[in-house]
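To start, the structure itself, in structure tokens.
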Amino acid sequence: MTTTDESAAASAGVPVAASAGVPVAASAGVPVAASAGVPAAVRIRALRRSYGDVTALDGVDLDFAAGTFTAVMGPSGSGKSTLLQCAAGLDRPTSGTVTVDGTDLGGLSERRLTLLRRERIGFVFQAFNLLPSLTAAQNVALPMRLAGRRPSRAAVRQALARVGLAERAGHRPAQLSGGQQQRVALARALITRPAVLFGDEPTGALDTTTSRDVLALLRELVDREGQTTVMVTHDPVAAAYADRVVFLVDGRLHGELAGASAEGVASYMAGLERGASGGASVGVKAAGSVVDGERAAC
């Protein structure tokens, strides 16, 4: 099965500033750490990904701490989705290392990488990728069936209950709202109890109210169950649900915000986009002072 087929079926340092919403600049060669003393669920070192002459990721060092919620943002073409796909084992980096739950993905064969994705990694896409002929319960059970395992009805119902849809187990996608379909996709990603849940614009196809409901659910899974979650988004409001927001520019880390409001994230992004469009360096400000004015050093 190809990576694309499996993902459709299984859709499954510089310390963070102590003050909420205070930006932290990324220094060249120094990984952006998560929380001090918290082990990394995902560790990325010197990550590069090139497609011919185009460099999507250019030497990224980054940790995602266990039991935390991280949002990844940046201007269009900054490498956000490529970073997520490499971190989740859906794409092979050109060089560098990715370690998930203590396992170096680079040392795995395609078969072993596929098994690890099925068992230890959950992925939710903007598109729900539900099979229309299957019920919600059958869609949730699909990844385990593809792995040759028969999930119990109790396990499937529990996965649906975690996202508030236990009573919709027998409904097909056409009988569910967009938000409910995304919750089914989330339950499908969670049924294997993954070490990390990755989301690539998981609320991008939803209306504002439904989007907030799904984001609140993601936040609750982190707070209540310690589910490590990494989400790419373009929406500052969505990013504000995360513990930290990491920013990419031209395939490189630019910095991060800890505990930021939607307004703070939007302001930071506006500065990045002005710099990207004007070719100028973007200053990263903390408590009114410039921390790092060189974009190239980030």
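The values are calculated or read from the model by the stated rules, or taken from the named source; none is laboratory data. Computed from a predicted model, the values in this text were never measured in an experiment. Note that we place each Cβ from the backbone using ideal geometry, even for glycine, and neighbour counts take in every protein chain shown. Accessible surface areas use protein heavy atoms only, side chains included; no ligands, DNA or RNA. Shrake-Rupley method; radii C 1.70, N 1.55, O 1.52, S 1.80 Å.
For a quick protection proxy, order the peptides 48-59, 162-173 by their average other-Cβ count within 10 Å, most packed first. Don't jump to the answer; show the numbers that get you there.
On the way: 48-59: 15.0, 162-173: 17.4.
Sorting 48-59, 162-173 by mean packing, highest first, produces 162-173, 48-59.
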Requested in this report: Compute the Cα gyration tensor for the stretch 40-277, then decide on rounded, prolate or oblate, letting a ≥ b ≥ c be the square roots of its eigenvalues: rounded whenever a/c is under 1.5, prolate when a/b is larger than b/c in the other cases, and oblate in all that remain.
Outcome: oblate
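What accessible area per residue, rounded to a whole number of Å², is obtained for the stretch 40-277 using a probe radius of 1.4 Å? Intermediate results must be reported in sequence, preceding the final value.
Working: 9380 Å² over 238 residues.
Computed with neighbouring chains in place, this is 39 Å² per residue.
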Query raised in the report: Between Leu115 and Arg219, what is the spin-label point distance in nm, taking each point 7 Å from the Cα along the Cα→C-beta axis?
Result: 3.9 nm
Query raised in the report: So how strong a dipole does the stretch 40-277 carry about its Cα centre when Lys and Arg Cβ are +1 and Asp and Glu Cβ are -1, to the nearest 20 debye?
Result: 1200 debye
Report summary line: As a percent rounded to 5, the proportion of antiparallel DSSP bridges among beta bridges in the stretch 40-277 is 55 percent
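Using a 10 Å cut-off on Cβ atoms, rank the peptides 86-98, 203-215 from the highest mean neighbour count down. Don't skip to the end; give the middle numbers.
Numbers: 86-98: 19.5, 203-215: 17.5.
Top of the packing list down: 86-98, 203-215.
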**Report entry** Long-range amide H partners of Ala40 with built H, under 5 Å
**Finding:** Ala66
Report task. Report, by chain and number, residues whose modeled amide H sits under 5 Å from the one on Gly59, excluding near sequence neighbours (fewer than 5 apart, same chain). Result -> Leu47, Arg48, Arg49
Report summary line: With R₀ set to 30 angstrom, the calculated FRET efficiency between the beta-carbons of His171 and Ala46, to the nearest 0.05, is 0.05
Report task. Kindly state, to the nearest 0.05, the FRET efficiency for Ser133 paired with Arg274, given R0 = 35 Å and r defined as their beta-carbon distance. Result -> 0.15
